[in-house]
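The values are calculated or read from the model by the stated rules, or taken from the named source; none is laboratory data. Predicted model only: the values in this text are computed from it and were never measured. All Cβ positions, glycine included, derive from the backbone under ideal geometry; neighbour counts span all protein chains shown. These accessible areas exclude ligands, DNA and RNA; they are computed on the full protein's heavy atoms, side chains included. Shrake-Rupley method; radii C 1.70, N 1.55, O 1.52, S 1.80 Å.
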Amino acid sequence: MLHALIIDDEENGIVSLGLLLKKVAPHIKIVSTTTSATRGVILINDFRPDIVFLDINMPNLTGFELLEKIEFKKFHLIFTTAHQEYALKAIKKSAVDYLLKPVGKDDLIKAIQKVEKKITENEKVPDIYMLLKDLGEQQKQKVAIPTKTGIDLVSVDDIMYIEANSNSAVVTFNNGEQTPTSRSLKEFENHLSDNIAFIRVQNSFIINVHRVSKYVKEDGGYAVMQNKKSIPVSKQKKEEFLKRINLGAE
């Protein structure tokens, strides 16, 4: 019998995944569950499970930050996420599996079969250290910004936000400098789609959530950036935005 933990900030997600597991894999025993990422660190170290079903986007600690804090790392990891773009390049590179919410029966069966195959063939568990390294490298990636004089290669972490300007865009950096570019906001969105720090909060803005000073609920809700710029957050993006800044949607 395999032992599993479920860590998800939404109780409904835990219940639905637990029920589905009982149907498709009754030989997997759920030894504990929690909606708290902080509590999840303790449970992983205490129970030393075979499998951990881990939500990526949680308040207080993301799934990735949780992995940085645990001592016991010799388990098979299956991420659960409602957002397909979340760092999937790093996840796939590290041979870690993931399930998109709402978790479907067939996808869950395939994920479990992959884990069982690795266990049967005595394969090493996916390298969580490598996953964290890849995520770190991802944050250091560079983006090409075409300008009137050439092309600037800049670290994505130096970008505070990008604002649409007709069919082009203006990039605002952490140091206050601004660079007009011929690249469209859509092109930037596609390039940054795997970077958890960036989110398109409405039609005209992509922001770096690490550069948000606060979120204000008034006037429909807006983010205040570190340079005091106020950027509206659309209703469609509010829940995702709040989760990205680890507040959790109300």
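So the values come out like this:
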read-out	value
Residues of the stretch 209-247 that turn out to be farther than 19 Å from LEU185 by Cα, touching a residue at least 40 places away in the same chain (Cβ under 8 Å) and touching a helix residue (DSSP H, G or I) at 6+ places or on another chain (Cβ under 6 Å), as a count	2
Subset tally (residues that are assigned to a helix (DSSP H, G or I) and either over 25 Å from ASP157 (Cβ atoms) or open to solvent by less than 30 Å² (accessible area, probe 1.4 Å) (or both)) for the stretch 209-224	4
Positions within the stretch 192-208 being surrounded by fewer than 20 Cβ atoms within 10 Å (Cβ to Cβ) and either touching a Phe, Trp or Tyr at 6+ places or on another chain (Cβ under 9 Å) or of a type in the set (A, V, I, L, M, F, W, C) (or both), in sequence order	ASP194, ALA197
Cβ pairs under 9 Å, 6+ apart, first in the stretch 44-63 and farther than 15 Å from VAL96 by Cβ and open to solvent by 10 Å² or more (accessible area, probe 1.4 Å), second of a type in the set (A, V, I, L, M, F, W, C) and part of a helix (DSSP H, G or I)	PRO59/ALA37; PRO59/LEU242; ASN60/ALA37; LEU61/ALA37; LEU61/VAL41
Meets criteria (touching a Lys or Arg at 6+ places or on another chain (Cβ under 9 Å) and either without any contact (Cβ under 8 Å) to a residue 60 or more places away in the chain or part of a helix (DSSP H, G or I) (or both)) for ILE206	yes
Subset of the stretch 107-160 that is over 20 Å from the mean Cα position of the chain (by Cα) and open to solvent by less than 40 Å² (accessible area, probe 1.4 Å) - its residue that is modelled with the highest pLDDT	ILE112
Residue, modelled with the lowest pLDDT, within the stretch 74-92, restricted to residues that are closer than 14 Å to ILE128 by Cβ and buried (at least 16 other Cβ atoms within 10 Å of the Cβ)	ALA87
Given (1) aromatic (Phe, Trp, Tyr); (2) within 24 Å of ASN60 (Cα to Cα); (3) under 20 Å from the mean Cα position of the chain (by Cα), index of the condition PHE205 fails	(2)
Enumeration of residues in the stretch 23-43 that are out of contact with any Lys or Arg (no Cβ under 7 Å at 6 or more places or on another chain) and touching a residue at least 60 places away in the same chain (Cβ under 8 Å)	LYS23, ALA25, ILE28
Any hit, the stretch 175-198, residues being more than 20 Å from ASN57 (Cβ to Cβ), modelled with pLDDT of 95 or more and of a type in the set (Lys, Arg)	no
Test: residue in the stretch 22-29 that is under 21 Å from LEU61 (Cα atoms) and of a type in the set (Gly, Ala, Ser)	no
Residue in the stretch 96-106 that is open to solvent by 20 Å² or more (accessible area, probe 1.4 Å), out of contact with any Ser or Thr (no Cβ under 7 Å at 6 or more places or on another chain), at pLDDT 90 or above and part of a helix (DSSP H, G or I) present	yes
